[in-house]
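The structure under discussion appears below in the form of structure tokens.
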Amino acid sequence: MVLPTRRTRPLPSLGTVGARPTTLCAMSHATHGIPPAPPIDGAEHVHSGKVRDLYRYGEGRLLMVASDRISVFDFVLDTTIPDKGEVLTRMSLWWFERLAPLVPNHVLPVDVPEAVRGRAVVCEALEMYPVECVARGYLTGSGLLDYREGGEVCGIALAAGLEDGSRLPEPIFTPATKAAIGDHDENVSYDAVAAGIGADAAAHLRELTLAVYGRAEEIAREQGIILADTKLEFGARADGTVVLGDEVLTPDSSRFWPADEWVPGRAQPSFDKQIVRDWATSTGWDKSPPAPEIPDEVVARTREQYIKAYEMLTGEPFDAWLARTAA
């Protein structure tokens, strides 16, 4: 069943929460380690993020191209992960199809330019809500750090005695700010989001986020994967319809753990970029430019985990997807 679509327009910013501009075409090109976007015939470059390059591609349309760039701790690293852009694109499309009964998405049925085939989609230009919509079913990452400091996450009090990897009694909505590239996203309370975009809009985003997480968690668990948490982004059409945008449920935006290896009280094995996070932490890097170069062995392991996540979820060999897009 599709959740009720409320026609609530987002405000241009979250005010004191510190959001970035919400209109995609108005976003400036930050240069924190991001190489220039390649020119594409028939497309006008408008913005580059940590991983994706956005182009204006006709009236009311954007071309969203997933690169092989990887970021950790909100910094873009110079080293790339081969085939990462294809994994992110295909996985997002796979999830968008399965979540369509819950919420509309921004993907348009339009062919992409040959130069970016397999790693790009054409999508609607939306007015994006200036908030990262995070759902957590397990305690880890920044949520664990907040919990250890005060026993709560984003203003939500949790029971005492939880550990790294503990399953929560029920999933929680823990929003974060959208930081500029090079800055760090910050967890904020639900009340702060409601104050910035309005109570109705905040309630609807929370409802959608938890519904998407709940359905995705069920699907992933059936394939032997725990979806520990995920970050979603929503936008609004001109008529106010709320739409799921950006990427969805990829190893970049989510934590995927092998279900048969889950043991609370420790860092969990993962199918995401935790390998790179762990390596970056082990180097003693102070999380300021320049970032160290990722060793070949870490690159290979990261690529392997991204592809493994795709294959376990979809049941399709990744090489089959590459062959299909190259045909």
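The values are calculated or read from the model by the stated rules, or taken from the named source; none is laboratory data. These numbers come from a predicted model, not from an experiment. Note that each Cβ is placed from the backbone with ideal geometry, even for glycine, and that neighbours are counted across all protein chains shown.
Checking each residue in region 273-283 for being surrounded by 20 or more Cβ atoms within 10 Å (Cβ to Cβ) and in contact (Cβ under 8 Å) with a residue 60 or more places away in the chain picks out Lys273, Val276, Ala280. Check region 218-228 and report whether any residue there is of a type in the set (Asp, Glu) and either within 17 Å of the chain's Cα centre (by Cα) or within 30 Å of Asp260 (Cα to Cα) (or both). So far as region 218-228 goes, yes, one or more of its residues are of a type in the set (Asp, Glu) and either within 17 Å of the chain's Cα centre (by Cα) or within 30 Å of Asp260 (Cα to Cα) (or both).
Restricting region 187-201 to residues that are in contact (Cβ under 8 Å) with a residue 40 or more places away in the chain and in a helix (DSSP H, G or I) leaves a set whose member that is surrounded by the most Cβ atoms within 10 Å (Cβ to Cβ) is Val193.
Evaluated against (1) assigned to a strand (DSSP E or B); (2) surrounded by 22 or more Cβ atoms within 10 Å (Cβ to Cβ), Val122 falls short on exactly one condition, (2).
Residues of region 142-174 that are surrounded by 18 or more Cβ atoms within 10 Å (Cβ to Cβ), among the small types (Gly, Ala, Ser) and not in a loop (DSSP other than H, G, I, E, B): Ser142, Gly143. Can you name the residue in region 64-80 that is in contact with an Asp or Glu (Cβ under 7 Å, 6 or more places away or on another chain) and of a type outside the set (Asp, Glu) and, of all such residues, is nearest to Cys123 (Cα to Cα)? Among those that are in contact with an Asp or Glu (Cβ under 7 Å, 6 or more places away or on another chain) and of a type outside the set (Asp, Glu), it is Val65.
Only a single criterion out of (1) among the polar types (S, T, N, Q); (2) at pLDDT below 95; (3) surrounded by 13 or more Cβ atoms within 10 Å (Cβ to Cβ); (4) not in a loop (DSSP other than H, G, I, E, B) is not satisfied by Ser270, namely (4).
Scanning region 214-231 for residues that are of a type outside the set (A, V, I, L, M, F, W, C) and not in a loop (DSSP other than H, G, I, E, B) turns up Gly214, Arg215, Glu217, Glu218, Arg221, Glu222, Asp229, Thr230, Lys231. Annotation note: Cβ proximity below 6 Å between a residue of region 211-232 that is closer than 12 Å to Ala135 by Cα and a residue that is of a type in the set (Asp, Glu) and in a helix (DSSP H, G or I) (sequence gap 6+ or interchain) occurs for Leu227/Glu217. The set of residues from region 146-163 being within 18 Å of Tyr190 (Cα to Cα) and not acidic (Asp, Glu) comprises Tyr147, Gly150, Gly151, Val153, Cys154, Gly155, Ile156, Ala157, Leu158.
Out of Ala291, Ala238, one residue alone is more than 16 Å from the chain's Cα centre (by Cα), farther than 26 Å from Glu163 by Cβ, small (Gly, Ala, Ser) and buried (at least 16 other Cβ atoms within 10 Å of the Cβ). It is Ala291. For region 190-201, the condition holds for no residue, the condition being that it is out of contact with any helix residue (DSSP H, G or I) (no Cβ under 6 Å at 6 or more places or on another chain) and within 25 Å of Thr314 (Cβ to Cβ).
Rundown of residues vs (1) modelled with pLDDT of 95 or more; (2) not charged (D, E, K, R), yes/no style:
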residue: Thr241; (1), (2): yes, yes
residue: Lys287; (1), (2): no, no
residue: Ile294; (1), (2): yes, yes
residue: Val299; (1), (2): yes, yes
residue: Ala323; (1), (2): no, yes
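Residues considered: Ala220, Ala199. Of these, the only one that is within 23 Å of Tyr310 (Cβ to Cβ) and either among the basic types (Lys, Arg) or modelled with pLDDT of 95 or more (or both) is Ala220.
When Asp286 is tested against (1) part of a loop (DSSP other than H, G, I, E, B); (2) surrounded by 14 or more Cβ atoms within 10 Å (Cβ to Cβ), exactly one condition is not met: (2). Considering only residues that are without any contact (Cβ under 8 Å) to a residue 24 or more places away in the chain, closer than 19 Å to Arg237 by Cα and surrounded by 20 or more Cβ atoms within 10 Å (Cβ to Cβ), which ones fall in region 47-77? Tyr55, the sole residue that qualifies.
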